[in-house]
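Here the structure is laid out as structure tokens; the discussion comes afterwards.
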Amino acid sequence: MIEPTVSKMKQMKLYGMHNAFKTAIESGRTDHYTLDEFISMLIDAEWDERHNRRIERSIKNAKFHYKSSIESINFDQVRNLDRNLVMRLAGCEFVEKNENVLITGSTGVGKSYLGTALGYQACIEGYKVNYFNTSKLFAKLKIAKADGSYLRELAKIQRQDVIILDDFGLQTLDSSNRITLLEIIEDRHNNGSIIVTSQIPVQGWYDLIGEKTIADAILDRLIHQSHLLELQGESMRKKRGLNRE
């Protein structure tokens, strides 16, 4: 009777239940459970399996540049990184409130790592996340304008609960990218969250965007109800390199 049951579980894609049931049978632990406890154990195993698969799928779809985690963040005092603020952000209430996170600092201080870690947390909490290198995103959307897929690409971005714009401001925006950024920001205003990392302090973004009217519109929507983290200290990449010597 056992083999057909195990086979049916697998065919029905009840993988968590299948593995838990098979393990319990093989280990001879079925006598340790009442009927209610055994059913509860199987249901819990299936729930955990589906929950973990959903997180893995969400992380894969986010297309992060690398793996990152809140637990691995360095909170040395010289970094000017408020642990309490970071841990509150890690709870992802900012996503629920459609708030933004702006992370600035010089090269190598860990801006991208922190932004990505918050993105991973959002995936774990069940939100849809997409990571973008800002320059590559603008280049991709310029091509989309040329081939007619621009609105479709914008719609994909709009469907995300959180988008990460990494390395914003490496180049001054031209007129096309300026309009693209405004459309992205307008679509997400009160409808989604944005995590921005940049080497340029927020007060320098006005000149970076250019064109007064559009800059005002972008920054008013982006900075309003945002959390600002200004990282300091020496390059973490340089520091790791020295530690290996």
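The values are calculated or read from the model by the stated rules, or taken from the named source; none is laboratory data. Quick caveat: nothing in here was measured; it's all calculated off a predicted structure. Here Cβ is always computed from backbone atoms with ideal geometry, including for glycine, and neighbour counts include all displayed protein chains.
Under the condition of being farther than 18 Å from Leu114 by Cβ and of a type in the set (A, V, I, L, M), which residue from region 196-210 is surrounded by the fewest Cβ atoms within 10 Å (Cβ to Cβ)? Walk me through it before giving the result.
First, the residues of region 196-210 that are farther than 18 Å from Leu114 by Cβ: 203-210.
With of a type in the set (A, V, I, L, M) added as a condition, the list becomes 208-209.
Values: Leu208: 16, Ile209: 22.
Per the criteria, the residue is Leu208.
When restricted to residues that are in a helix (DSSP H, G or I), without any contact (Cβ under 8 Å) to a residue 12 or more places away in the chain and surrounded by 11 or more Cβ atoms within 10 Å (Cβ to Cβ), region 1-29 contains 4.
Picking from residues in region 30-55 that are of a type outside the set (S, T, N, Q) and farther than 28 Å from Cys123 by Cα, the one that is surrounded by the most Cβ atoms within 10 Å (Cβ to Cβ) is Phe38. A search for C-beta distances below 8 Å between a residue of region 38-51 that is farther than 9 Å from Met17 by Cβ and any residue that is outside any helix (DSSP H, G or I), counting only pairs 6+ apart in sequence or on different chains, returns Met41/Tyr33.
Are any residues in region 221-242 more than 17 Å from Gln199 (Cα to Cα) and at pLDDT below 85, and if so, which ones? Spell out how you get there, then give the answer.
The first filter runs over region 221-242 and keeps only residues more than 17 Å from Gln199 (Cα to Cα), leaving 221, 224-226, 239-242.
Passing the criteria: Lys239, Arg240, Gly241, Leu242.
Applying the set (1) in a helix (DSSP H, G or I); (2) assigned by TED's automatic domain parsing to the domain that holds Leu231; (3) touching a Gly at 6+ places or on another chain (Cβ under 8 Å) to Leu85 leaves exactly one unmet item: (3). The set of residues in region 211-231 being of a type in the set (Lys, Arg) and either in contact with a helix residue (DSSP H, G or I) (Cβ under 8 Å, 6 or more places away or on another chain) or surrounded by 13 or more Cβ atoms within 10 Å (Cβ to Cβ) (or both) consists of Arg221 alone.
Could you list, in sequence order, all residues of region 30-56 that are of a type in the set (Ser, Thr, Tyr) and either touching a Pro at 6+ places or on another chain (Cβ under 7 Å) or part of a helix (DSSP H, G or I) (or both)? Within region 30-56, Thr30, Ser40 qualify.
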